[in-house]
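The structure appears right after this line, and notes come after that.
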Amino acid sequence: MKIVVIGGTGLIGSNVSEKLRALGHQVIVASPSAGVNALTGEGLADAMEHAEVVVDLSNSASPEENTAINFFRTAGKNLAAAEKAAGIKHHLVLSIVGIDRALYIGYLRAKKEQEDIIKESGIPYTIIRATQFHEHITTIIAVQSDEEAIHVSTVDYQPIAVEDVVVLVTRLALEAPKNATVEIAGPDLAPMNEFVSRYLSVKGGEKPVKANDDSKYMFFEIPKSLLVPQGDFYPGKIRFGDWVNG
């Protein structure tokens, strides 16, 4: 089967592409470096010729609100038009758990628009909303540190390893379209500050973790349960402790 992976050179995209090839599928890695640009529409028609599935793992150049909205709106419309013309049978997009509960955050509002464009296109689809990645823990530490401590909220946190994301994206891309939104998350649920402390206990760090109940994540105030699934979800297999020690 011919499968087009939008954003196929990124962290998730390159690994998904590799797994799909290993399973015997013809994979088109669609990225500007390969002459396929979802933002301008360049190369989309040729890339999708005779394809059956499109896996959208693209991302904006910046999480800044206007940049993100322009990217996901424009790229989403270009993809939908090209896919309809090519008769694509399944569009899968990777999104983020909780976005519809924090639309005051510009990047999440942009991702929600990306979801809505494909839902309203008439193309069979699957939307996968993932929790934050294990690998994001270093960004939390960097952004939420000052000279004395690392300030981390006690909000609920249930991160998933990138390796598990790749496995689940590959699996769901090859299944029949859900025509629905599904969620994926890691096997461990705990307050965010505990994950940071676990990471630092293994990797080391000079600053202590100072927990708080501010429900703040990065630069935003968020609902306490924003970053975890709300119901049934596809679980990853890699526990946070095993990932840290790996």
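The values are calculated or read from the model by the stated rules, or taken from the named source; none is laboratory data. Computed from a prediction, not measured in an experiment: that's the story for all the values here. Cβ atoms come from the backbone with ideal geometry, glycine included; neighbour counts cover every protein chain shown. We work out accessible area using only protein heavy atoms, side chains counted, and drop any ligands, DNA or RNA first. Shrake-Rupley method; radii C 1.70, N 1.55, O 1.52, S 1.80 Å.
A few comments on the model shown:
- Test set (1) polar (S, T, N, Q); (2) open to solvent by 20 Å² or more (accessible area, probe 1.4 Å); (3) within 21 Å of Gly13 (Cβ to Cβ) - Thr170 fails condition number: (2)
- Condition met for Thr154 (farther than 15 Å from Val97 by Cα and of a type in the set (Ser, Thr, Tyr)): yes
- One residue stands out among those in segment 126-137 that are surrounded by 23 or more Cβ atoms within 10 Å (Cβ to Cβ) and of a type outside the set (Val, Ile, Thr): the one that is farthest from Ile88 (Cα to Cα), which is His134.
- Residues in segment 218-242 that are assigned to a helix (DSSP H, G or I) and of a type in the set (D, E, K, R): Asp242 alone.
- Among the residues of segment 62-121, those that are open to solvent by less than 70 Å² (accessible area, probe 1.4 Å), outside any loop (DSSP other than H, G, I, E, B), within 27 Å of Met1 (Cα to Cα) and not hydrophobic (A, V, I, L, M, F, W, C) comprise Gly76, Asn78, Glu83, His90, His91, Ser95, Gln114, Glu115, Asp116.
- Matching residues in segment 175-199 - criterion: being assigned to a loop (DSSP other than H, G, I, E, B) and out of contact with any Phe, Trp or Tyr (no Cβ under 7 Å at 6 or more places or on another chain): Glu175, Ala176, Lys178, Pro187, Leu189
- Only one entry in Asp156, Asp213 is of a type in the set (D, E, K, R), surrounded by 13 or more Cβ atoms within 10 Å (Cβ to Cβ) and over 28 Å from Lys119 (Cα atoms), namely Asp156.
- Scan of segment 1-59 for residues that are in a helix (DSSP H, G or I) and of a type in the set (S, T, N, Q), ordered by number: Ser14, Asn15, Ser17, Ser33
- The number of residues in segment 142-164 being out of contact with any Phe, Trp or Tyr (no Cβ under 7 Å at 6 or more places or on another chain), assigned to a helix (DSSP H, G or I) and modelled with pLDDT of 95 or more comes to 2.
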